[in-house]
Amino acid sequence: MSATTRITAVGLLILAVFLALFAIRPTGLERVELVLLDARFNLRGPEKPTGSVGVVAFDSRSIDELGWRRDVIAEVIERLNEAGAAAIGVDIVFSEPGVPGQDARLESAVAGAPTAILGFYFRTRDEVAAPGNATLEESLDLVEPAKVRVTRLPAAGLLPVLSCRDVEPNMSSLSRASRHMGFFSAIKDLDGSVRRSALLGSCGGELYTSLSLAVAEMATGERAVVIGDTRGIHEIRLGKRILPTDPGGRLLINYRGPARTYPHYSVADLLADEIPRGELAGKILIVGTTEPGIMDVHPTPFDASFPGVEVHANIVDSILSNDAVRRSDALVAIELVLIIFFGVLLSAFIPRMSSALGGAVIAVLLLAGLVVGGFWAFTEYSIWFNLTYPALTLISVYLGVTLMQALNSERRSQELRNQFATYVSPAVVDEIVRQPDLFRLHGESRRLSILFSDIRGFTALSEQIDATQVAKLLNTYFAPMTALVKESGGTLDKYIGDALMAFWGAPLPIDNHPIRACETALAMRRALEELNQTRTDLSGMDCLRIGIGIHTADVVVGNMGSESRFQYTVIGDGVNLCSRLEGLNRYYGTEIIASSDLVDEISDGILRRELDTIRVKGRREGVRIYEILGRDALDPMDIEFHSWYADALRAYRAGNWAEARQALASAISVRGEDAGCEMLLGRVHILEKEPPAEWTGVWTFESK
């Protein structure tokens, strides 16, 4: 594997980690994204509300002057009703009886105000149920006006919506006096902030509207229509508005700004007639407390202590203007695409860039585009685009790839010196380092013998053992094979994964290099047999098998590469053919295949079997190939087998298909299974059915 490929692989590995994190959504990263969402709110700054929503506040002054009494609250409702408020949301629950006269006044005020909406409390499943004797059915009967009237979905109990454990309604007499109501239960994110609002809640198998949605219903004169299935809510419609909720019916609140962004009307001012006449007419007003001591405050993107009553104002305004923050499955898909795009782009291109500055510029531009695009989508279209995972993927892949590049560059510099030291004498190395201009790339044409060897089925084997064992196995295998090449006067060209390439006749000329290549191939086979028997401690060694190809040809030999990196190697058509010969072993079931170019130059002491005449892909000329058997004498059975095979090969080349088939059958009967015979027999069947117009006896291998 090249350095560039290794660096790219590291980048892709980092990408895979972030894809897994994107699927898992760890709490820490989700918190980071919530912080970034709050940052978008604060960078955007306050926005002007629609002007139709306001807060009627029991502030510190009102509490001090008037107290927190039900008759005061009743008078507030009466005054707002008289002023012509379009909707009056009461962010207070009156669950227990109070002073009888005050309770009666409050009931009368609620009954006389058709636009008043009372709030009640939904206790969720992780909260402790309220003490009392009322059953859930009795409590739900008191909040009947909050029930969703129009639904197109199965039983609410199957939906992923806010579910109740218990209900804390208003006292029964007050509940009977109210025409409409809604629950209030704060939905808090991982960090405790309120960014979402549950518009719907499920209790007793029915759906109920929240106080904010109920206020919006009152203001618009429309009832909410809920459409969904067991997977969740698909739509909540309010008139022509389609509210952008998640499958649980939760709305992302588009906060307009910090506290007091909406008009605040003090209860003390209201009851003292200090608010100009007509200012409250047609307004949507939420009644509640802003006194911190009463503890109705929540953390929000703009403020750590935000009045709950103004949270409702933001929700109602988001519903009526239909500009709640949007987050959809389509955005998740886009984020996934961006994560993959950033990871693949940086992994593929940065390792191939010559300038480190160029890679940094690309990474910075991508990150800036992501952040600016995310902020623009939020400010212009209220779209919450998750920045954390794409940004961290981009940054991490860039840093990982850049670090690997730096380490690889340092390692390459040291390797270059080490490679020179093994290739030439130390004095020459010193001279090259001292005067690099004296060294030039060059090559020359020579007739050499070349060897390729490759471990059979190594990919499958490597998948069965870990990387450490693979490395140990290869090191143990390569050590004796390399030694045999060098002992024979050959030059080790390179290792290619589990393959080995060597040649004879350069850099120093060698006589009879074909026989040396042939004898080395046989010695390698014997060495592997010994390793199979002696190194049983290594996983996979006992089943290791190799294929070897040897060939003699005119090639170009010398230093090949660039000024910064080169290798003493051979190139040419003969090299390619030798590599293909090695690969043909798997078709013929052999271990060593040699070309006729090499066989014609070795002595008769080497036993061989002529296998075929073939033409490899990309080469016009055919070549005869041989199986190298060894120097030992053949036993009678082998002699008979080879005789039958030779007869079959002659008949096959002459186009005598029946004779070739019979001879091959005889050869198989002598030895049993033989891949070469089986392959030749298969060809005979093909050629016999469709005889070629001009048969030359040369078979072309189309695949490599």
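Observations, loosely collected:
- Anisotropy class of segment 450-569 from Cα gyration tensor, a/c 1.5 cut: oblate
- Using θ = phi - 60° and Karplus 6.51 cos²θ - 1.76 cosθ + 1.60, couplings along segment 640-656 (whole Hz; Gly, Pro as x): 5, 4, 5, 5, 5, 5, 4, 4, 4, 5, 5, 5, 4, 5, 7, x, 8
- Eligible lysines near residue 486 by straight Cα distance, threshold 22 Å, same-chain separation 8 or greater: 472, 494
- Zero-based 5 Å bins, Cα pair distances in segment 27-136, whole percents: 2, 9, 13, 14, 14, 13, 13, 10, 7, 4, 0
- Within the accessible area of segment 1-58 (1.4 Å probe), percent carbon and sulfur: 70 percent
- Cα gyration tensor shape of segment 522-653, rounded if a/c is under 1.5, else prolate or oblate by comparing a/b with b/c: oblate
- In segment 162-205, the alpha-carbon atoms span a convex hull of 104 Å³ per residue.
- Degrees between helix 657-671 axis and first principal axis of the chain (Cα, 0 to 90, nearest 10): 90 degrees
- Here residue 240 is the anchor, and the lysines within straight C-alpha reach of less than 26 Å, apart from those fewer than 8 places off in the same chain, are 48, 147, 283.
- Amide proton proximity set for residue 699, modelled H, under 5 Å, gap of 5+: 613, 614, 615
- For residue 638, the solvent-accessible surface computed with a 1.4 Å probe is close to 40 Å², ligands and nucleic acids excluded.
- Whole-angstrom Cα spans of segment 251-292 along principal axes, big to small: 36, 27, 15
- Residues of the chain: accessible area per residue with a 1.4 Å probe, Å²: 47 Å²
- Ranking 150, 143 from most to least accessible surface, computed with a 1.4 Å probe over the protein chains only, gives 150, 143.
- Charge sum, other residues only, whose C-beta stays under 12 Å from residue 232's C-beta, Lys/Arg counted +1 and Asp/Glu -1: -2
- The eigenvalues of the Cα gyration tensor, multiplied by 5 and square-rooted, give segment 616-698 an equivalent ellipsoid with semi-axes of 24, 17, 10 Å from largest to smallest.
- Residue-by-residue Karplus 3J(HN,Hα) for segment 538-554, coefficients 6.51, -1.76, 1.60, Hz, glycine and proline x: 9, 4, x, 5, 5, 10, 6, 9, 10, x, 10, x, 10, 7, 10, 7, 7
- Angle of helix 513-534 to the longest C-alpha principal axis of the chain, folded into 0 to 90 degrees and rounded to 10: 60°.
- Diffusion coefficient, µm² s⁻¹, Stokes-Einstein with Kirkwood Rh over alpha-carbon pairs of segment 163-280 at 20 °C and 1.002 mPa s: 128 µm²/s
- Computed 3J(HN,Hα) for segment 606-613, one whole-Hz value per residue from the Karplus formula 6.51 cos²θ - 1.76 cosθ + 1.60 where θ = phi - 60°, is 9, 7, 8, 10, 6, 8, 5, 10, glycine and proline marked x.
- Within the chain, helix-based [θ] at 222 nm, where runs of 4 or more DSSP H residues each add -39,500 (n - 2.57), nearest 500: -15000 deg cm²/dmol
- Residues of type lysines that residue 617 reaches as a straight line, Cα spacing below 21 Å, ignoring anything fewer than 8 places off in the same chain: 704
- Relative to the longest principal axis of the Cα atoms of the chain, the long axis of helix 467-487 makes an angle of roughly 20 degrees.
- With DNA, RNA and ligands ignored, accessible area of residue 256 (1.4 Å probe; Å², nearest 10): 10 Å²
The values are calculated or read from the model by the stated rules, or taken from the named source; none is laboratory data. In this text, all values refer to a predicted model and were calculated from it rather than measured experimentally. Don't worry about glycine lacking a Cβ; one is built from the backbone with ideal geometry, like all the others, and counts go over all protein chains shown. These accessible areas exclude ligands, DNA and RNA; they are computed on the full protein's heavy atoms, side chains included. Shrake-Rupley method; radii C 1.70, N 1.55, O 1.52, S 1.80 Å.
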